[in-house]
Amino acid sequence: MKIYDISVALHEDVPVWPGDNPAKFQQYSFINKGDLANSTAIRSSLHLWTHVDAPRHLSDSGKGVEAI
């Protein structure tokens, strides 16, 4: 089976679903401030980037992501 990578790059300017909040990246750990690593948190809607909407997203009787 051939696999196609359709992933979208992570960045703050990616388009969002109308009404959803844009992605925000916030670095919270800094080596130059004495932390062991540089680390960044991402806050976003689930409708961002490459994802799958399960049938349950639009119907209470639909299957969840775990079932498809």
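Proximity of backbone amide H atoms, modeled 1.01 Å from N, is registered between SER29 and SER39 at under 5 Å, excluding neighbours fewer than 5 places apart on the same chain.
Computed from the C-beta positions of ASP35 and LYS2, the FRET efficiency with R₀ = 35 Å rounds to 0.25. Against the set (i) 1.12; (ii) 1.53; (iii) 0.98, the structure's computed Cα Rg over 2.2 N^0.38 Å falls on (ii).
What the chain shows is 89 Å² of accessible area per residue, with the surface traced by a 1.4 Å probe over protein heavy atoms. Surface composition of the range 14-59: carbon plus sulfur atoms contribute 56% of the solvent-accessible area (1.4 Å probe, protein chains only, all chains present).
Extending 7 Å from Cα along the Cβ direction at VAL52 and again at ALA67 yields two label points whose distance is 1.4 nm.
The values are calculated or read from the model by the stated rules, or taken from the named source; none is laboratory data. Keep in mind the model is a prediction, meaning the values are calculated, not measured. Glycine also receives a Cβ, built like all others from the backbone with ideal geometry; neighbour counts cover every protein chain displayed. Note: areas computed on protein heavy atoms with side chains; ligands, DNA, RNA excluded. Shrake-Rupley method; radii C 1.70, N 1.55, O 1.52, S 1.80 Å.
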